[in-house]
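All remarks here apply to the structure that follows.
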Amino acid sequence: MLDQLRKRTAELGLPRIGLHDLRHATASIMIAAGIPFAVASKTLRHFTLAITINLYGHLLMDSADEAVKAFASALDHADAQLTHQADLAGNDAQRAA
């Protein structure tokens, strides 16, 4: 099978791809897709979860950045809602006076 892979990639003019490269790509895709590290670690048959995190933990930084942005957006939205409610309450109080 590996010989067929090497032959086909050579025919296509692609760089040589080894099984380890495919394994690394698979792990990266799993983690980028949001599959938990524990599941990826077991799938890859790493001895410990720490091995998986040490090898692929850098992929979490992008996810962490996105999480911070999403949280900030949620806070901005909540602040806008509270401000709007306060404005409505203030207008009602002025009309009642």
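The values are calculated or read from the model by the stated rules, or taken from the named source; none is laboratory data. Remember, predicted model here, so these are calculated numbers, not experimental data. Neighbour counts run over all protein chains shown; Cβ positions are idealised from the backbone, glycine included.
Observations on the structure shown:
- Residue match in segment 72-93 (condition: modelled with pLDDT of 85 or more, closer than 30 Å to residue 2 by Cβ and among the polar types (S, T, N, Q)): no
- Search result, residues across segment 1-59 that are touching a Leu at 6+ places or on another chain (Cβ under 7 Å) and aliphatic (A, V, I, L, M): 2, 17, 19, 27, 31, 32, 38
- Evaluation of residue 15 against (1) over 29 Å from residue 1 (Cβ atoms); (2) assigned by TED's automatic domain parsing to the domain that holds residue 4; (3) exposed (fewer than 10 other Cβ atoms within 10 Å of the Cβ) (one fails), failing number: (1)
- Selection from segment 2-32 of residues that are assigned to a helix (DSSP H, G or I), within 30 Å of residue 60 (Cα to Cα) and not small (Gly, Ala, Ser): 19, 20, 21, 22, 23, 24, 26, 29, 30, 31
- Per-region count, segment 1-37, residues over 30 Å from residue 48 (Cα atoms), polar (S, T, N, Q) and at pLDDT 85 or above: 1
- For the condition modelled with pLDDT under 85 and under 25 Å from the mean Cα position of the chain (by Cα), residue 63 qualifies.
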